[in-house]
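K.L.:
Have a look at the structure that comes next, please.
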Amino acid sequence: MAKQKRKVLGGTEEQSKKRKKAPAEGPGQAPEARPDAGEPGLQAADATLSPEEQRVLQRKLKKARKQQLRAAGRTAQDAGARPSGAQLALDYLCGWAQKNASWRFQKTRQTWLLLHMFEEDKVPDEHFPTLLAYLEGLRGRARELTVQKAEALMRELDADTAGGQDSPLDATRRGKTQRLRQVLQLLS
């Protein structure tokens with residue numbers, strides 16, 4: 001249909017593209033300033049643009065929306081308000097504990113839990129027993145790496161304690177040591 005329009009209008013393809021650009025942007029109006037700039041779909045005037053021109057226009061509109069959000073003091077992530085990785089991993093763990101029918105294995109969630117399981121601020125004490133139960137079912141390379149990591153951390157904490165280093169984080173260190181012992185006892 002676009003080819004038929006070109007034939008009717010006459011002229012070369014370059015002239016045709018120039019004619020398409022002018023009405024789409026309007027006289028003295030940038031694509032960002034058009035009233036339909038916030039619309040996700042393309043409008044009737046935009047339908048005459050080539051696919052490449054449509055992509056360029058969409059990028060410009062997206063950039064304009066980001067600038068508006070910045071001007072309002074928000075970022076694009078604030079507008080979406082997505083949960084953090086920590087919250088997603090803890091929800092994953094709770095879903096597993098409840099034997100939820102919608103629960104399914106997610107490597108990224110398991111990896112996050114294994115990386116942060118010794119940190120009390122990221123995996124609260126009320127979730128740690130559930131995490132230990134989850135670790136019982138850990139198999140293969142993940143189990144081996146978890147044991148190796150726990151042993152290495154335990155050696156590091158023992159060396160710090162033997163060196164006589166006192167710090168204000170002793171309570172945190174004790175909590176971490178206790179978690180390490182529980183994980184090693186469970187997996188070894």
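K.L.:
Would you tally the residues in the stretch 110-123 being exposed (fewer than 12 other Cβ atoms within 10 Å of the Cβ) and within 17 Å of the chain's Cα centre (by Cα)? Break it down stepwise before answering.
P.N.:
Applying the first criterion (exposed (fewer than 12 other Cβ atoms within 10 Å of the Cβ)) to the stretch 110-123 yields 121.
Keeping just the survivors that are within 17 Å of the chain's Cα centre (by Cα) gives none.
So the count comes out to 0.
K.L.:
Gln43 versus (1) in a loop (DSSP other than H, G, I, E, B); (2) modelled with pLDDT under 60; (3) surrounded by 14 or more Cβ atoms within 10 Å (Cβ to Cβ): which is the lone unmet condition?
P.N.:
(3)
K.L.:
Being surrounded by fewer than 14 Cβ atoms within 10 Å (Cβ to Cβ), without any contact (Cβ under 8 Å) to a residue 12 or more places away in the chain, under 20 Å from Gln148 (Cβ atoms) and of a type in the set (D, E, K, R) is the requirement here; does Lys107 meet it?
P.N.:
On the way: surrounded by fewer than 14 Cβ atoms within 10 Å (Cβ to Cβ): yes; without any contact (Cβ under 8 Å) to a residue 12 or more places away in the chain: yes; under 20 Å from Gln148 (Cβ atoms): yes; of a type in the set (D, E, K, R): yes.
Answer is yes for this residue.
K.L.:
Looking at the stretch 111-147, which of its residues are aliphatic (A, V, I, L, M) and without any contact (Cβ under 8 Å) to a residue 60 or more places away in the chain? Even if it seems obvious, please write down each step before you answer.
P.N.:
Applying the first criterion (aliphatic (A, V, I, L, M)) to the stretch 111-147 yields 113-115, 117, 123, 131-133, 135, 138, 142, 145, 147.
Residues satisfying the conditions are Leu113, Leu114, Leu115, Val123, Leu131, Leu132, Ala133, Leu135, Leu138, Ala142, Leu145, Val147.
The values are calculated or read from the model by the stated rules, or taken from the named source; none is laboratory data. Note that the structure is predicted; figures quoted are calculated from it, not measured. With ideal geometry, Cβ positions are generated from the backbone for all residues, glycine too; neighbour counts draw on all protein chains shown.
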